[in-house]
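*Asks:* Pasting a structure here, questions to come.
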Amino acid sequence: MRLHGKRVLITGASSGFGAAAAKAFAAEGCHLLLGARRMDRLQEVAAIALANGAASAEFHVLDVASTASVEAFAARARALAPQVDVLINNAGGAHGIDPVATAKDADWEAMVQSNLLGLLRMTRAVLPLLPHHAGASVLNIGSIAGHQAYEGGAAYCGVKAAERSITQALRLELSGTGIRVGSLDPGLAETEFSMVRFKGDAARAAKVYEGTEPLVGEDIAETLVWMASRPPHVCIDEVVIKPTDQAAIHKVYRRPKT
Ligand code: NDP
Ligand code: 8X3
């Protein structure tokens, strides 16, 4: 599907994968609607998108943890145009890395609200805007954490495993509509993810990427563009992308310090 002039809605567009996706879909000449909680950052991303060729770049506050906020965001989308061609459910992240024995309710709740309920709410709100039989896509950001659990990741791995199930269920529910539903599941990527997980501890966040070459936002963004631009009869169900240095979730090659 040619993307020029298509309407693309991206959640979590204020940093990381979402901001990179805004720039990449802008370069294809798309109309963008960007959502996140940090409006100053969204404004910057929208300006970059316009400079990069976006047909338009609107932004609106969005907290996917709130049904009212999601509905207000969808109302903004409807006011801009009667249809959305590509929905990118990207908002989310990890909070803490404590084992179940000591983890905090607030961290669990934040992860369930954004990665799991947020994905469901956003999809429910936007489904009526997705055209049938026109190559529309719902692209969900999962994680290799949804394929393989790790210590301290019970809740995060759980919500990302749920993302895979939601993607599969939605594909079944939408059978016959022509709407494609796909999951893009990255491994280690350097964004603000670790700063959020470690609650602003920059030294601890930097350690995650020390000595290794992680993915960057652009790697994910160009894959999202590829998934959304396949011919309408082609659905890319699931893509797993890891850094070459990450042979498996626990096996990350780190170059010795020189
Ligand atoms: P970032 O922290 O850089 O980006 C996360 C984005 O999600 C921000 O734009 C943030 O915006 C937004 N967000 C978080 N919570 C909410 C909320 N309640 N409502 C609206 N927006 C929200 O990290 P990434 O770009 O890495 O993360 C993007 C997605 O990729 C997440 O789902 C993450 O789990 C997933 N992922 C990340 C990997 C990595 O290693 N980086 C690997 C695999 C998957 P704001 O704070 O302004 O609301
Ligand atoms: C992010 C990748 O391995 O840090 O989803 O959980 S990981």
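*Asks:* Quick one: which residue in Leu120, Leu116, Leu127 is closer than 30 Å to Pro231 by Cα, assigned to a helix (DSSP H, G or I) and either within 16 Å of ligand 2 (Cβ to nearest atom) or of a type in the set (Ser, Thr, Tyr) (or both)?
*Replies:* After applying the criteria, what remains is Leu116.
*Asks:* Can you say whether Ser137 is within 16 Å of Ile166 (Cβ to Cβ), more than 16 Å from ligand 2 (Cβ to nearest atom) and touching an Asp or Glu at 6+ places or on another chain (Cβ under 8 Å), as far as the supplied structure shows?
*Replies:* yes
*Asks:* Go through (1) within 16 Å of ligand 2 (Cβ to nearest atom); (2) small (Gly, Ala, Ser); (3) more than 20 Å from the chain's Cα centre (by Cα) one by one and return the number of the condition Ser183 breaks.
*Replies:* (3)
*Asks:* A follow-up question, please. Restricting to the stretch 50-73, what's the tally of residues that are within 17 Å of the chain's Cα centre (by Cα) and surrounded by 21 or more Cβ atoms within 10 Å (Cβ to Cβ)?
*Replies:* 5
*Asks:* Name every residue in the stretch 231-258 that is in a loop (DSSP other than H, G, I, E, B) and charged (D, E, K, R), in order of residue number.
*Replies:* Scanning the stretch 231-258 gives Asp237, Lys242, Asp245, Arg254, Arg255, Lys257.
*Asks:* With (1) open to solvent by less than 20 Å² (accessible area, probe 1.4 Å); (2) within 14 Å of the chain's Cα centre (by Cα); (3) of a type outside the set (Lys, Arg) as the list, and Ser194 as the residue in question, which single condition is left unmet?
*Replies:* (2)
*Asks:* Within the stretch 119-142, track down each residue that is open to solvent by 50 Å² or more (accessible area, probe 1.4 Å) and either in contact with a Pro (Cβ under 8 Å, 6 or more places away or on another chain) or within 12 Å of ligand 1 (Cβ to nearest atom) (or both).
*Replies:* His133
*Asks:* Does Ser165 count as modelled with pLDDT of 95 or more, open to solvent by 60 Å² or more (accessible area, probe 1.4 Å) and of a type in the set (Gly, Ala, Ser)?
*Replies:* Against the criterion (modelled with pLDDT of 95 or more, open to solvent by 60 Å² or more (accessible area, probe 1.4 Å) and of a type in the set (Gly, Ala, Ser)), Ser165 qualifies.
*Asks:* Considering every residue within the stretch 155-170, establish whether at least one is in a loop (DSSP other than H, G, I, E, B) and either free of Cβ contacts under 8 Å to residues at least 40 places away in the same chain or among the hydroxyl-bearing types (Ser, Thr, Tyr) (or both).
*Replies:* No, the stretch 155-170 contains no residue that is in a loop (DSSP other than H, G, I, E, B) and either free of Cβ contacts under 8 Å to residues at least 40 places away in the same chain or among the hydroxyl-bearing types (Ser, Thr, Tyr) (or both).
*Asks:* Going through Glu192, Glu222, Glu210, Glu218 one at a time, which residue ends up being over 26 Å from Ala91 (Cβ atoms) and not polar (S, T, N, Q)?
*Replies:* The conditions single out Glu210.
*Asks:* Follow-up. If the requirement is being open to solvent by 20 Å² or more (accessible area, probe 1.4 Å), within 16 Å of ligand 2 (Cβ to nearest atom), modelled with pLDDT of 95 or more and within 23 Å of Ala106 (Cβ to Cβ), which of these qualifies: Ala145, Ala206, Ala202, Ala149?
*Replies:* None of the others qualify; the one that does is Ala149.
The values are calculated or read from the model by the stated rules, or taken from the named source; none is laboratory data. Nothing here was measured: the structure is a model prediction, and the numbers come from that model. Counting neighbours? That spans all protein chains shown, and the Cβs are built from the backbone with ideal geometry, glycine included. Calculation scope for accessible area: heavy atoms of the full protein, side chains included, ligands and nucleic acids excluded. Shrake-Rupley method; radii C 1.70, N 1.55, O 1.52, S 1.80 Å.
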